[in-house]
Every structure is written in C-alpha cells, then in structure tokens.
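The values are calculated or read from the model by the stated rules, or taken from the named source; none is laboratory data. Since we're looking at a predicted model, the values are computed, not measured. Using ideal geometry, Cβ is built from the backbone for each residue, glycine included, and neighbour counts are taken over all protein chains shown.
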Amino acid sequence: MKPTTRGTLAAAITCVAAAAGAATAATPAAAATTVPVPLPLDGVEKSLHMEMPHVTGELPVPVAGAPEGTRFAEGRLLPERALPRLPLGGGLPGGDLRAPLPHVLGDGFDHLGVSAPAADLRTATPGLSVDTPLGRPDAANGGLPSLHEPRAGLGTPLLRTVPGAEIVTGPGA
C-alpha cells in the first residue's frame, strides 16, 4: 500500500471516529425536553440579610416530528393530503417558587411553595387537502374524465396538553 493511500485511509478513519464520538457526546443534550432556568437571588439575600424566595423555571425545547404522509384515495387524481400536517412536541413552561412567610398561618407554617411543572404539549399544524375538477377516465363517457366541482379542505390544527400546579405551605427552608 502506498504512503498516500495509507494517509488518506488514516484521515478517513480519524474523521469517522471523531464524528461517532461527537454523536455519542451530543445525545444526552439532545434528549432533554426542558431547560432549567434558575433565578439567582443569593447576592440579594446576603446583602439584605434576609431570606429571599427561591425561584426556578423550566423552558420547553420544541421537537419537530415526522409529517403525516399523503394518502391516495380511489377516484381522486391528487392525494388526500396535499399539504401534510407537521406534528410538534414540546411543553408548557414550568416554574417553582418557594417563599418565606412571617408566621401568618401559625407557628408551623413559615413557607409557601407553588410548583407548576412543565407539562407535555403535543401540537400539529393544519393540513390542506385539494382535489381537481377532473375525475377518473370514464368508459361510459368515451374514455374522457368525468367532471365535478373542485374541492378544498383545511385540516384542523391539534393542541393537546394537561397542565397542573400545586400549592403547599409548611415549615422548612
């Protein structure tokens, strides 16, 4: 084997190994559905010498799905879904708040917590279905296509989610 062939082969193997390593390193980050967003209030807490609320949030990462394919229907020249619907997955933003209370509800209750986790959200864009005024060739009509009125339809968009929240009071930090 010539030295130039060996060098080319070594460079190709190195590139493939680097691409495989980058793909395995990027997999956990791509699998995340939400990104945590903390609100840092530690500096304010230390400078004012008082307990501040702890606030964190979650922002969803939208993920596009595979579009629904076209379906061919008998008696139509164009497919049933000329413009397919595109599903998108993601979530509603979530948040978590834990704030101090100055013993308003009694001695055992000195914190208030509100938690609204990020909820799954599934959506699909509207689709379009059209049909031409020409039908299939008709033997009774001398082989000419039959005529009918042109048709157009808009597929409804989809939005599906189940949000939730929780409010708690109690002792603790």
Could you please give the count of residues in region 121-152 that are modelled with pLDDT of 80 or more, in contact with a strand residue (DSSP E or B) (Cβ under 7 Å, 6 or more places away or on another chain) and either closer than 30 Å to Glu58 by Cβ or polar (S, T, N, Q) (or both)? 6
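Going by what's in this entry, would Leu101 be described as at pLDDT below 65, surrounded by 11 or more Cβ atoms within 10 Å (Cβ to Cβ) and in contact with a strand residue (DSSP E or B) (Cβ under 8 Å, 6 or more places away or on another chain)?
Numbers: at pLDDT below 65: no; surrounded by 11 or more Cβ atoms within 10 Å (Cβ to Cβ): yes; in contact with a strand residue (DSSP E or B) (Cβ under 8 Å, 6 or more places away or on another chain): yes.
No; evaluated as a whole, the condition is false for this residue.
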Residues (loosely packed, with under 15 Cβ neighbours inside 10 Å, in contact with a strand residue (DSSP E or B) (Cβ under 6 Å, 6 or more places away or on another chain) and within 30 Å of Val37 (Cβ to Cβ)) located in region 65-87: Gly65
Which residue pairs have Cβ atoms closer than 9 Å, lie 6 or more positions apart in sequence or on different chains, and pair a first residue in region 79-96 that is free of Cβ contacts under 8 Å to residues at least 24 places away in the same chain with a second residue that is of a type outside the set (D, E, K, R)? Pro79/Gly69; Pro79/Thr70; Pro79/Phe72; Pro79/Ala73; Pro79/Ser129
Report the residue count in region 55-86 for those that are touching a Gly at 6+ places or on another chain (Cβ under 8 Å) and of a type in the set (Ser, Thr, Tyr). 1
Condition check: surrounded by 14 or more Cβ atoms within 10 Å (Cβ to Cβ), in contact (Cβ under 8 Å) with a residue 24 or more places away in the chain and hydrophobic (A, V, I, L, M, F, W, C). Does Ala152 satisfy that? no
Being in contact with a Gly (Cβ under 9 Å, 6 or more places away or on another chain) and not charged (D, E, K, R) is true for just one of Gly153, Gly142. Which residue is that? Gly153
